[in-house]
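Below: the structure, in structure tokens.
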Amino acid sequence: MAVAIGVDLGGSHVTAALVSDEGIIHAQHELDITDRSFDAVIASVSLVIHGAMKETKEKIVAIGVGSPGNIEARSGSVLYSPNFGWENAPLGERLRAAFNLPVFVGNDARCATLGEYEHGIGRGTKDFALLTLGTGVGGGIVAGGRLVLGNRYGAGEIGHHQIRPTDGFVCGCGKIGCLEAQASGTGLIRHAFAVAPSFPRSALLDVPREKLGSKKIRKAAQAGDLHAMTAWKNFCSDLAIGLANIVAFTNPQVIALGGGVSTAGDFLLDSVRPRVDELTTMVPKGTTQIVAATLGNDAGQVGAATMAFRGGLQA
Ligand SMILES: [Zn+2]
């Protein structure tokens with residue numbers, strides 16, 4: 001069995017997994033990230049990698065790291081990451097020196113896309129897209145069997161295409177009405193606040209804002225709460241615009257929805273599919289399936305390890 005280390009680096013925690021070439025996770029080590037300075041993050045990443053390495057006697061082929069930000073593929077340097085406040089951070093170089101193994105670094109959402117494409121719901125397709133609906137919206141596109149990276153590793157930033165540039169919410173990137181602002185878990189909460197004046201007797205938002213999760217709103221919508229149902233409808237309507245745009249751009253065989261909001265399953269899929277069909281005009285209707293992703297939180301680690309086996313995201 002060939003094994004690689006797949007690391008999923010996020011803003012609040014880092015996980016390293018020992019992954020076989022069949023995409024099976026054999027061990028996982030996780031740490032919280034409290035200090036986002038480059039040296040502190042390198043120390044945490046190194047600790048979880050050591051932890052995962054100790055779990056096997058097999059030779060480790062390579063290390064793959066999925067990190068937020070715009071990443072230069074050859075060196076593995078994080079050119080720019082707003083999440084960490086880094087610029088030109090030599091992540092790949094530092095880990096290569098520490099572990100004396102090949103190290104590949106890629107954007108975390110692109111890695112998750114590769115994971116779902118090779119070992120999850122995208123398996124067997126040639127044209128695929130992943131959209132993760134969590135605190136933000138991450139994504140990636142596979143076209144003609146290749147993960148699309150773009151001219152400067154910027155392709156696949158689906159979360160930051162604007163769908164409501166005049167009347168939308170302000171996005172973390174500074175623009176108005178990006179798909180991420182409208183159709184992430186955070187977006188669902190914002191929709192609930194936006195329609196709250198129409199529901200003066202609603203108790204939906206009677207908790208401190210920092211304790212309000214998108215899951216509460218979704219569950220209330222499923223239970224028939226009118227306020228929550230209105231927020232959910234607006235959320236799904238915005239998500240459908242984004243999905244129909246992806247259909248128009250690449251007409252993938254499958255678009256998979258991952259991330260926390262996607263755990264709603266059919267309640268989400270049944271709400272968006274008909275609207276995507278309505279918004280699909282020049283592309284033959286029904287030729288892109290919208291389904292739930294299958295790897296869950298493991299997609300990032302499996303994808304990072306897949307990148308390590310391949311010798312890069314696209315190789
Ligand atoms: Zn944005």
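Tabulated results
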item: Among residues of segment 34-52, those that are out of contact with any Phe, Trp or Tyr (no Cβ under 8 Å at 6 or more places or on another chain), hydrophobic (A, V, I, L, M, F, W, C) and within 22 Å of Gly312 (Cα to Cα), counted; result: 4
item: Identity of the residue in segment 30-57, of a type in the set (Ser, Thr, Tyr) and touching a strand residue (DSSP E or B) at 6+ places or on another chain (Cβ under 7 Å), that ends up nearest to Arg96 (Cα to Cα); result: Ser44
item: Within segment 146-188, tally of residues that are part of a helix (DSSP H, G or I) and either within 9 Å of the ligand (Cβ to nearest atom) or surrounded by fewer than 24 Cβ atoms within 10 Å (Cβ to Cβ) (or both); result: 7
item: Identity of the residue in segment 127-145, under 16 Å from Cys178 (Cβ atoms) and among the hydrophobic types (A, V, I, L, M, F, W, C), that ends up surrounded by the fewest Cβ atoms within 10 Å (Cβ to Cβ); result: Leu131
item: Filter result for Asp238 (surrounded by fewer than 17 Cβ atoms within 10 Å (Cβ to Cβ), charged (D, E, K, R) and at pLDDT 95 or above); result: no
item: Output for segment 203-244, where each listed residue is under 18 Å from the mean Cα position of the chain (by Cα) and among the aliphatic types (A, V, I, L, M); result: Leu239, Ala240, Leu243
item: Residue that is nearest to the chain's Cα centre (by Cα) [pool: residues in segment 164-173 that are farther than 20 Å from Ile217 by Cβ and at pLDDT 95 or above]; result: Pro165
item: Residue among Val45, Val65 that alone is more than 15 Å from the chain's Cα centre (by Cα) and either farther than 27 Å from Gly296 by Cβ or outside the structural domain of Arg152 (by TED's automatic domain parsing) (or both); result: Val45
item: Members of segment 256-282 found to be β-branched (Val, Ile, Thr) and within 18 Å of Ile163 (Cα to Cα), listed by number; result: Val272, Val276, Thr280, Thr281
item: Members of segment 259-297 found to be part of a helix (DSSP H, G or I) and among the charged types (D, E, K, R), listed by number; result: Asp266, Asp270, Arg273, Arg275, Asp277, Glu278
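The values are calculated or read from the model by the stated rules, or taken from the named source; none is laboratory data. Just so it is clear, the structure is predicted and the values come from calculations on it, not from any experiment. Here the Cβ is made from the backbone with ideal geometry for all residues, glycine too, and neighbour counts use every protein chain on show.
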